[in-house]
1. Counting only residues that are modelled with pLDDT under 85 and under 13 Å from the mean Cα position of the chain (by Cα), which one in region 140-156 is most open to solvent (accessible area, probe 1.4 Å)?
2. Could you tell me whether region 85-96 includes any residue that is among the β-branched types (V, I, T) and in contact with a Leu (Cβ under 7 Å, 6 or more places away or on another chain)?
3. Does A107 meet the test of being crowded, with 16+ Cβ neighbours inside 10 Å, in contact with a strand residue (DSSP E or B) (Cβ under 8 Å, 6 or more places away or on another chain) and either closer than 19 Å to D36 by Cα or not basic (K, R) (or both)?
4. Between R64, R50, R140, which is in contact (Cβ under 8 Å) with a residue 24 or more places away in the chain, closer than 17 Å to S31 by Cβ and of a type in the set (K, R)?
5. State all residues of region 44-60 that are open to solvent by 40 Å² or more (accessible area, probe 1.4 Å), among the hydrophobic types (A, V, I, L, M, F, W, C) and within 12 Å of P94 (Cα to Cα); if no residue qualifies, say none.
6. Return the only residue of G147, G133 being touching a residue at least 60 places away in the same chain (Cβ under 8 Å), over 21 Å from P58 (Cα atoms) and either touching a helix residue (DSSP H, G or I) at 6+ places or on another chain (Cβ under 6 Å) or small (G, A, S) (or both).
7. Which members of region 69-96 meet the condition of being at pLDDT 85 or above and either aliphatic (A, V, I, L, M) or under 14 Å from L41 (Cβ atoms) (or both)?
8. With respect to T35, determine if the residue is out of contact with any Leu (no Cβ under 9 Å at 6 or more places or on another chain) and either surrounded by 15 or more Cβ atoms within 10 Å (Cβ to Cβ) or at pLDDT 90 or above (or both).
Amino acid sequence: MIRAMIGTLAVLAGFAVVERSVDARTGPAGSCTPTDVHSLLPPGDTLALRPGPTLLSPAIAALRGDAALILSGGQSGWAHIAVADAPQLDGWVPADQLWVDVEAGRALYSLPGPMGSLLAMSEGDAESFRVLGCHGPWLRVINARIGAVWIDGRQSS
């Protein structure tokens, strides 16, 4: 009986971890292992970097469409990022403006960490995925071919 209760609690605790998976829409800044991402804009367009996760925050910088960024967390549809070649320049951008390249042969999982099962491997040349969020070193990404999956952000991209 006690083993069954402990087992049930362990399963529920596991679901709580998955349920609290931080994503760029809901989690606090600093909730991700810093991960390289890029802005998702046509060449020549700019992205406003803001001190807070709202359009009411004034723009503190304009990032180029091909800017290399470092994702560290998110909140309510906004991603907390730093500029890769100027890490002191950090702030918030709309989360749906970030993407990451995934090289061929990269494992794509159903969930982050040991609870996830291998769903597929990325194919061909590097595939671009839109960033949906993160949980520690794991990134939640999506593209049209595969859908939404998790990748280990500790692997080079």
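The values are calculated or read from the model by the stated rules, or taken from the named source; none is laboratory data. Keep in mind it's a predicted model, so treat the numbers as computed, not measured. A quick note on method: Cβ atoms are made from the backbone with ideal geometry, for glycine too, and the neighbour counts reach across all protein chains shown. The accessibility values were calculated without ligands, DNA or RNA, using every heavy atom of the protein model including side chains. Shrake-Rupley method; radii C 1.70, N 1.55, O 1.52, S 1.80 Å.
1. It comes out as R154.
2. Pass one, region 85-96, residues among the β-branched types (V, I, T): 93.
After this cut, where a residue has to be in contact with a Leu (Cβ under 7 Å, 6 or more places away or on another chain) as well, the list is 93.
Yes; the residues of region 85-96 include at least one that is among the β-branched types (V, I, T) and in contact with a Leu (Cβ under 7 Å, 6 or more places away or on another chain).
3. yes
4. Values: R64 fails: closer than 17 Å to S31 by Cβ; R50 fails: closer than 17 Å to S31 by Cβ.
Exactly one residue qualifies, and that residue is R140.
5. L55
6. G133
7. Within region 69-96, L69, I70, L71, A79, I81, A82, V83, A84, A86, L89, V93, P94 qualify.
8. Here the answer is no, as T35 does not meet what is asked.
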